[in-house]
Number of protein chains: 2
Amino acid sequence: MITYRDIELAHDRISNYIHRTPVLTSQTLNLESSSKLYFKCENFQKTGSFKIRGATNAILQLNKKQLKNGIITTSSGNHGAAVSYSAKNMGISACVIMPKNTTPNKIENVKRYGGEIVFCEPNISSREETLYQMVKKSGASIIHPYNDHKIITGQGTAAKELIEEVKDLDSIICPVSGGGLLSGTILTAKALNPNLKIYGAEPENADDTYRSLINKKIMSNETTDTIADGLRAQVGTLTFPIIQEHVEEILLVSEKMIIDSMYVIWQRLKIIIEPSCSIVFAALLLNSKKFENERVGLILTGGNYDLNKIPWQN
Amino acid sequence: MITYRDIELAHDRISNYIHRTPVLTSQTLNLESSSKLYFKCENFQKTGSFKIRGATNAILQLNKKQLKNGIITTSSGNHGAAVSYSAKNMGISACVIMPKNTTPNKIENVKRYGGEIVFCEPNISSREETLYQMVKKSGASIIHPYNDHKIITGQGTAAKELIEEVKDLDSIICPVSGGGLLSGTILTAKALNPNLKIYGAEPENADDTYRSLINKKIMSNETTDTIADGLRAQVGTLTFPIIQEHVEEILLVSEKMIIDSMYVIWQRLKIIIEPSCSIVFAALLLNSKKFENERVGLILTGGNYDLNKIPWQN
């Protein structure tokens, strides 16, 4: 059971290792959406995404013996980069297990931060077997991307900063994938203001959390065919109950709207964000009546997008 | 003769109408460039560029009768948008004279801020004749894009903020076109710290200021064939003498380096900037020995780039 005190302690623990990221506003986007929008810019976070919050919180709680054996994870995306960066900063080794078909820019990202890469076949059994063998060999501690209380509390610190900076928010929208950020956001928000409504935004093409809520049990993704490559995971056993109890609603977004909203954010806010978080702005636009005249926080989770794959230009 | 007091007064005058833009840093870019870099982000400025500083400073000094007749300019780029926005804010009319072949995104930018557009033929004589006729008809005040003391002092406020925020800068690099920003930066910097070196960055393909310094008189551009569309103007009669007296050097940059450096800034700082200012980062990289171990301010002047024309993706 996570309490708000755990999130405060996490924030104290990690604050020297992360940026307190800015909150951006736009008069014209406010006018056009008939809401007051507050964009929490985790794309400016160290390693380019919020993932450093949870990873750092988990790593800082390892004991000396665990640190000596290093850490390991299976995420090839933003979590992999965050784990590599944190490990390097603490002078310990990080191993990131990646499928052989991982895209070059993600490999480069992990390498830049000093992570050791071990390739596996692109399927779950090979990944789990490789993880098992590596842990058996090195004794490294597994840093899960979301299904871990230390990760959830770490990710909750983004919403803590947002709520501290922007008074009287009515709603917060954040992306949902494995649910670490959404559940951390929920626990933070409900502790600080029980009336604050928390929405998750999820791709139509990877809608496991949406269907899990309907079915009242964790459902698998039927497809993960979305440009929002950070949102392809399945909601976790620890994160789902928190989401199930408190989330206002999961808002589904089409691929076209994910891309269109990314274009608008790039053009108008002059910032690079990933499709995995433009989805929150898309969810707002698609549900503008719901958010009319509200003060809405939007968590922009990351900016690690491959600039050679601009989706609106062929 | 502009004094630093004029720049202070300009700053007081406009500060309620502009953003105090953030200064970004990047550990990894510092490491890779062997310098400490401070990016002054005028891409986050109102209307997406620093041009609002000078335009606002000039408009706020018009008297009642002048305000009633409205304002007029011939710039179709960032200055045109800034003039339109300022006029709208003050409840006066703005007219922007544009060549018929102006690109749609620039037309849209001026329209968004409420400027009235008058088209002319795409040549200087038609532009000047249209301006003359319009002024004769309306009595509107001309807000020049750079060759005006009020514009120069307004643009100097960007460097003032940068120098106030970042102590002990060794150098500042800013783009040069008509020279409003560069001369304003020079006057500010030399008043606050005579040892601070000020560099201009200019496209090889529009190198009038570079050649003007060599020839000790204002030279015309032989070509303006550069992706840095904000840097195609010719240095002004008021700005050139200031530049000539104080600038450390004009650093020339190829088209390829302008584009490559834009890619790096987008990818690493997660911000959208125009090629007209990625040129300052390119100038630093091309002259890395010169700036080694220095604390360098880089003025990122704007973020109004047409996202449908990403130059590295075909």
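Just so it is clear, none of the values below were taken in a lab; they were calculated from the coordinates. Keep in mind the model is a prediction, meaning the values are calculated, not measured. Neighbour counts run over all protein chains shown; Cβ positions are idealised from the backbone, glycine included.
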For helix B:149-165, report the angle its Cα long axis makes with the longest principal axis of the Cα atoms of chain B; keep it between 0 and 90° and round to the nearest 10°. 30
Cα-Cα over 18 Å, subset of A:150/A:197; A:256/A:309; A:270/B:270; A:88/A:111; A:160/B:40: A:150/A:197; A:160/B:40
Given R₀ = 30 Å, what would the calculated FRET efficiency be for residue B:222 paired with residue B:103, taking r from the Cβ atoms and rounding to 0.05? 0.85
I need the inter-copy label distances for residue A:125: point set 7 Å along Cα to C-beta, values in nm with one decimal, smallest first. 8.1
Relative to the other copies, what are the label-point distances for residue A:88, with labels 7 Å from Cα along the C-beta vector, expressed in nm at one decimal and sorted shortest first? 4.4
To the nearest whole number, what is the average tally of beta carbon atoms from other chains within 10 Å of the beta carbons of peptide A:259-271? 4
Principal axis lengths of region B:1-83 from Cα atoms, whole Å, largest first? 55, 31, 24
Estimated [θ] at 222 nm from DSSP helical runs (n ≥ 4, -39500 (n - 2.57)) normalised by residues in chain A, nearest 500: -14000 deg cm²/dmol
Excluding residue A:281 itself, what net charge comes from residues whose Cβ is under 13 Å from its Cβ, given Lys and Arg +1 and Asp and Glu -1? -1
Loop sites in region A:262-300: trypsin sites (Lys or Arg not before Pro), DSSP, at most 15 other Cβ within 10 Å: A:289
So for the pair residue B:135, residue A:89, with labels modelled 7 Å out along Cα→Cβ, what separation do we get in nm? 5.7
Using a 7 Å Cα-to-Cβ projection, residue A:168 label spacings across copies, nm, ascending: 4.4
How big is the charge dipole of region A:52-142 about its Cα centre, in debye rounded to the nearest 20, if each Lys and Arg gets +1 on its Cβ and each Asp and Glu gets -1 on its Cβ? 320
Across the Cα atoms of region B:52-142, what radius of gyration and what greatest pairwise Cα-Cα distance (Dmax) are found, in Å? 12.2, 35
What size of dipole, in debye to the nearest 20, comes out for the protein assembly as shown about its Cα centre when the only charges are +1 on Lys and Arg C-beta atoms and -1 on Asp and Glu C-beta atoms? 920
Report, in whole Å, the centroid distance computed from the Cα atoms of region B:102-123 and region A:1-56. 38
Name the GluC sites (Glu not before Pro) in region A:219-278 that are in a loop by DSSP and that have at most 14 other C-beta atoms within 10 Å, would you? A:222
When B:98, A:262, B:257, B:1 are ranked with the fewest other C-beta atoms within 10 Å first, the list becomes B:1, B:257, B:98, A:262
So for chain A: antiparallel DSSP bridges make up what percent, rounded to the nearest 5? 10
Mind checking which of B:75, B:138, B:177 has the largest fluctuation in a GNM of chain B, springs on alpha carbons under 10 Å? B:138
Which one of A:74, A:237, A:56 has the biggest mean-square fluctuation once chain A is modelled by GNM with Cα springs under 10 Å? A:237
Net charge contributed by nearby residues that have their C-beta within less than 14 Å of residue B:256 (K/R +1, D/E -1): -4
Calculate how many DSSP beta bridges within the protein assembly as shown are antiparallel, expressed in % of all such bridges and rounded to the nearest 5. 10
Given +1 on the Cβ of Lys and Arg, -1 on the Cβ of Asp and Glu, and no further charges, what dipole in debye does chain B carry about its Cα centre, rounded to the nearest 20? 1040
Taking a ≥ b ≥ c as the square roots of the eigenvalues of the Cα gyration tensor of region A:111-151, is the shape rounded (a/c under 1.5), prolate (a/b larger than b/c) or oblate? rounded
Trypsin sites (Lys or Arg not before Pro) within region B:55-115: which are DSSP loop residues with at most 16 other Cβ atoms inside 10 Å? B:100
With chain A treated as a Gaussian network of Cα nodes joined by springs under 10 Å, which of A:244, A:234, A:61 yields the largest mean-square fluctuation? A:61
